[in-house]
Structure formats: C-alpha cells, structure tokens
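These notes concern the structure reproduced below.
The values are calculated or read from the model by the stated rules, or taken from the named source; none is laboratory data. Computed from a predicted model, the values in this text were never measured in an experiment. Note that we place each Cβ from the backbone using ideal geometry, even for glycine, and neighbour counts take in every protein chain shown. Quick note on the areas: whole protein, heavy atoms, side chains included, nothing else; ligands and nucleic acids left out. Shrake-Rupley method; radii C 1.70, N 1.55, O 1.52, S 1.80 Å.
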Amino acid sequence: MLTVFLFYIANLLFCLAYMVRDMAWLRTITILAAISTLPYFYFQASPLYSAMGWQIAFIAINAFNLTVLILQRRPVKLNDQEKWLHSTTLRLLKPRKMLRLLKQAKTHEVAAGKPLVHQGQELNALLLLLSGKASVQMEGQARATLLPGDFVGEMSFISGKVASADVVAEEAACYLEWTAPTLERLYARDSEIKDALQGAIGMDMADKLAR
C-alpha cells in the first residue's frame, strides 16, 4: 500500500511540476516525483528494472540541469569599474552577461593627442571609453567631446561605413575594444547579449544627441 501511495504522490508531484513557472522548482519537484516512483517499480512481483532505469536517467538529467541553474543564479561580484559600467553604459545587461561581454574585450591605453579613430578608417571594432576624454574632430575642428562610458565610432561599426571623423584623446585615456568577429561569436552563443548591447548603443547615441 505504501508503494501505491508513493506512486500517487509521484503523479501529483508531476502535475505540480508542470504548473510552476520557475525552472529550478520545476526540476526540483520532477526529481522528487521520479524518486517517489522507484519503490513502486521495485516492489512489483517482478521488479520493473527498465522503468526504474528510465526514472534514474530522468533524475540524473534534471539534477545536472538544476545544478547548472543554481550555479548561474549565484550572486555576481563586481569590482568598482564593473559596478560603474553596469550602472551606466551597460545597464541593460545582466551582471553575469556583462562580465561575459567584458571578458571578450581588449583594454588599450592612449596618450593625450593620440588618435583612437582616423577619419576614413574602416572600423571593424566597437570601442568604449573607460577613462579620459576624447574629441571628435572633422577637418581639424572639434565637433563633440566623448566622456567615460561613451562608445566610440559606433556609427561606423554598425553601418559598416568608414569613420566620418577623427577621434583624438584630449588627455591620457583608456578604452575597451571588441572586434567584429569577437562580437559575432558571442552573439551566436547568446542572443540576449546582442539585444542588450545594441540597446545600449542606441541609448548611448541618444545621450550624445541630448548633450
């Protein structure tokens, strides 16, 4: 009788699992339900080892995926610079995804008066200014000033056209660089990063126009 009772409990748990929306809870309840079926299958007149094998397989698969979910939901620790980026330019990205994006970037430093972008250059990389200031210049005339947190050359990067202006460091500056192939590989693995980064670029353009 106990095994039959556990089997009914297992089916109720399966029903409950399909009602919850959180994937972690769904997998947890499914594991408990599968475990509850094992005594019923084992204590039959002829143990149903095949059915038990399938249930154990389901338990193992769900346990693995549950572990992955729990690891992905661990709190993310950000340093001061990462916290600043997440509160400003990259605020549309979840912290863990932002770290994944930053891991793919190369950091460069440039002295005052040195160019970040040349007019007429084919820009196959996205740049993000971390510190210092840069001047957007056309025919030697300053048109705009870029501040920490601003993207650099994003219009050329998105459109595929050559840069329409020089970008020159007004003071010693530091910036991040993502090459186009690097971002394409990242986008292929995680479309959410692509959507969030494109949104961040759009917001950056709007902020520059507002200034």
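Would you say Leu85 is closer than 30 Å to Gln198 by Cβ and modelled with pLDDT of 95 or more? Here the answer is yes, as Leu85 does meet what is asked. Note on the stretch 63-104: residues that are open to solvent by 70 Å² or more (accessible area, probe 1.4 Å) and more than 14 Å from the chain's Cα centre (by Cα) amount to 13.
Inside the stretch 52-83, residues that are touching a residue at least 24 places away in the same chain (Cβ under 8 Å) and among the hydrophobic types (A, V, I, L, M, F, W, C) make up a count of 6. Across the stretch 105-120, the number of residues qualifying as surrounded by 15 or more Cβ atoms within 10 Å (Cβ to Cβ) and closer than 23 Å to Glu184 by Cβ comes to 3. Scanning for something assigned to a strand (DSSP E or B), farther than 18 Å from Cys174 by Cα, modelled with pLDDT of 90 or more and not small (Gly, Ala, Ser), does the stretch 126-145 turn up at least one residue? So far as the stretch 126-145 goes, yes, one or more of its residues are assigned to a strand (DSSP E or B), farther than 18 Å from Cys174 by Cα, modelled with pLDDT of 90 or more and not small (Gly, Ala, Ser). Close Cβ contacts (under 6 Å, 6 or more residues apart or on different chains) running from residues in the stretch 177-191 that are closer than 19 Å to Leu130 by Cα to residues that are open to solvent by 80 Å² or more (accessible area, probe 1.4 Å) and in a helix (DSSP H, G or I) are absent.
Exactly one residue among Thr67, Thr89 is assigned to a helix (DSSP H, G or I) and farther than 30 Å from Leu2 by Cα, and that residue is Thr67.
Yes/no matrix, rows are residues, columns are (1) open to solvent by less than 50 Å² (accessible area, probe 1.4 Å); (2) within 30 Å of Arg73 (Cα to Cα); (3) outside any helix (DSSP H, G or I):
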residue	(1), (2), (3)
Ala24	yes, yes, no
Thr28	yes, yes, no
Ile31	yes, yes, no
Ile35	no, yes, no
Pro39	yes, no, no
Ala57	yes, yes, no
Ile61	no, yes, no
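Applying the condition of being open to solvent by 100 Å² or more (accessible area, probe 1.4 Å) and part of a helix (DSSP H, G or I) to the stretch 4-22 and asking which residue is nearest to Thr67 (Cα to Cα) yields Leu12. In the set (1) outside any helix (DSSP H, G or I); (2) modelled with pLDDT of 95 or more, Gly120 fails one condition alone, (2).
Within the stretch 151-192, restricting attention to residues that are under 26 Å from the mean Cα position of the chain (by Cα) and of a type in the set (A, V, I, L, M), which residue is farthest from Asn124 (Cα to Cα)? Restricting to residues being under 26 Å from the mean Cα position of the chain (by Cα) and of a type in the set (A, V, I, L, M), the top hit is Ala188. Cβ separations smaller than 7 Å between residues 6+ apart or across chains give the following pairs from the stretch 119-131 residues that are on the phi < 0 side of the Ramachandran plot to residues that are of a type in the set (D, E, K, R) and open to solvent by 20 Å² or more (accessible area, probe 1.4 Å): Gln119/Asp166; Ala125/Glu177; Leu127/Glu177.
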